[in-house]
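These notes are about the structure you will find just below.
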Amino acid sequence: MTIPFDVKSIRTGSVADDGADALSIIPGWSIALAILVFAAAQYLFHGVLPHQKHEMLPMRLLMGYSWGTAFASYVLLIGYVSRDVKRRNMSAGLWMLIVIVMPGGIGAVVYFLLRQPILSRCPHCTTEIASSYHFCPQCQFQMAPVCGKCFRGVRITDVYCTQCGHDLAEDHAPARLRAYSD
């Protein structure tokens, strides 16, 4: 039993939509800068700020680690947005300016609310289409498995449609969209 490589990417729209793969698009410069920012926060709270009272050490440790983590996370978020905006064919300069300038991460929240869906290309005619489409609107190429009776999306491992109960084996789906060979 083999599943073709493109079935997963067609079904989900992009391989990078998975949690672990989504984190892999954070650029190396952002990771290095986040480590540097975290170390700078530790230096600020433990080296620069006055600390004559030794009973305040637990509070300095807590503040150093929490502020360092917050600033490092923000740098990682900026790195993620810098790559994600390019995947979605959006204006990188505009969104980076919004994310960096708007205070407190509000720019990142606005980005995640307004970002465009990831577009994929039809393997038959190379038209850019949304990953939620089951058929290409230009050439009617079947992009994802659908029920032959109600035409709603199904998973490749389903035997029956979860909406109408139709036997999916009767639909004669293309081999690239079947998980199990007959």
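The values are calculated or read from the model by the stated rules, or taken from the named source; none is laboratory data. Bear in mind that the values here come from a model prediction, so they are computed numbers and not experimental data. So basically every Cβ, Gly included, is an ideal-geometry build from the backbone, and we count neighbours across all protein chains shown.
Of the residues Gly148, Gly68, which is surrounded by 15 or more Cβ atoms within 10 Å (Cβ to Cβ), farther than 23 Å from Asp21 by Cβ and at pLDDT 90 or above? Outline the logic, then answer.
Details: Gly148 fails: at pLDDT 90 or above.
Going through Gly148, Gly68 in turn, just one is surrounded by 15 or more Cβ atoms within 10 Å (Cβ to Cβ), farther than 23 Å from Asp21 by Cβ and at pLDDT 90 or above: Gly68.
Find all pairs meeting these conditions: Cβ atoms under 8 angstrom apart; at least six residues apart or on different chains; first residue within the range 101-120 and touching a residue at least 40 places away in the same chain (Cβ under 8 Å); second residue β-branched (Val, Ile, Thr).
Short answer, once both residue conditions are applied: Ser120/Ile10; Ser120/Ile129.
Would you check which residues across the range 107-146 are among the small types (Gly, Ala, Ser) and under 24 Å from Arg83 (Cβ atoms) and list them? Before you say what the answer is, go through the steps one by one.
Restricting attention to the range 107-146, the residues satisfying the condition of being among the small types (Gly, Ala, Ser) are 107-108, 120, 130-132, 144.
The answer is Gly107, Ala108, Ser120, Ala130, Ser131, Ser132.
Of a type outside the set (S, T, N, Q), over 21 Å from the mean Cα position of the chain (by Cα) and under 22 Å from Ile31 (Cβ atoms): which single residue out of Leu44, Leu77 fits that description?
When all the criteria are applied, what remains is Leu44.
I'm told Ile106 meets every condition in (1) under 20 Å from the mean Cα position of the chain (by Cα); (2) in a loop (DSSP other than H, G, I, E, B); (3) not acidic (Asp, Glu) except one. Can you identify the failing condition by its number?
Going through (1) under 20 Å from the mean Cα position of the chain (by Cα); (2) in a loop (DSSP other than H, G, I, E, B); (3) not acidic (Asp, Glu) one by one, Ile106 breaks only (2).
Is it true that Tyr65 is part of a helix (DSSP H, G or I), out of contact with any helix residue (DSSP H, G or I) (no Cβ under 7 Å at 6 or more places or on another chain) and aromatic (Phe, Trp, Tyr)? Even if it seems obvious, please write down each step before you answer.
Numbers: part of a helix (DSSP H, G or I): yes; out of contact with any helix residue (DSSP H, G or I) (no Cβ under 7 Å at 6 or more places or on another chain): yes; aromatic (Phe, Trp, Tyr): yes.
So Tyr65 passes the test.
Cβ-Cβ distance below 7 Å, separation of 6 or more or different chains: which pairs start in the range 134-157 with a residue that is under 18 Å from His124 (Cα atoms) and end on one that is of a type in the set (Ser, Thr, Tyr) and assigned to a loop (DSSP other than H, G, I, E, B)?
Hits for this filter: Cys136/Thr127; Gln138/Thr127; Met143/Tyr133.
For the range 88-121: of the residues being among the small types (Gly, Ala, Ser) and under 27 Å from Gln138 (Cβ atoms), which is surrounded by the most Cβ atoms within 10 Å (Cβ to Cβ)? Before you say what the answer is, go through the steps one by one.
To start, the set of residues in the range 88-121 that are among the small types (Gly, Ala, Ser) comprises 91-93, 104-105, 107-108, 120.
Filter once more, keeping what is under 27 Å from Gln138 (Cβ atoms): 91, 120.
On the way: Ser91: 10, Ser120: 19.
For the range 88-121, the residue satisfying everything is Ser120.
Scan the range 164-178 for residues that are exposed (fewer than 15 other Cβ atoms within 10 Å of the Cβ) and either at pLDDT below 80 or under 22 Å from Ser120 (Cβ atoms) (or both) and report the count.
Restricting attention to the range 164-178, the residues satisfying the condition of being exposed (fewer than 15 other Cβ atoms within 10 Å of the Cβ) are 164-165, 167, 169-170, 172, 174-175.
Among the residues that remain, those that are also either at pLDDT below 80 or under 22 Å from Ser120 (Cβ atoms) (or both) are: 169-170, 172, 174-175.
So the count comes out to 5.
Could you please let me know if Ser82 is of a type outside the set (Lys, Arg), surrounded by 15 or more Cβ atoms within 10 Å (Cβ to Cβ) and over 25 Å from Ser131 (Cα atoms)? Steps first, please.
On the way: of a type outside the set (Lys, Arg): yes; surrounded by 15 or more Cβ atoms within 10 Å (Cβ to Cβ): yes; over 25 Å from Ser131 (Cα atoms): no.
So Ser82 fails the test.
Can you tell me which of Cys125, Cys139 is in contact with a His (Cβ under 8 Å, 6 or more places away or on another chain), under 30 Å from Arg155 (Cα atoms), surrounded by fewer than 15 Cβ atoms within 10 Å (Cβ to Cβ) and not basic (Lys, Arg)? Walk me through it before giving the result.
Working: Cys125 fails: in contact with a His (Cβ under 8 Å, 6 or more places away or on another chain).
Every option except Cys139 fails the conditions.
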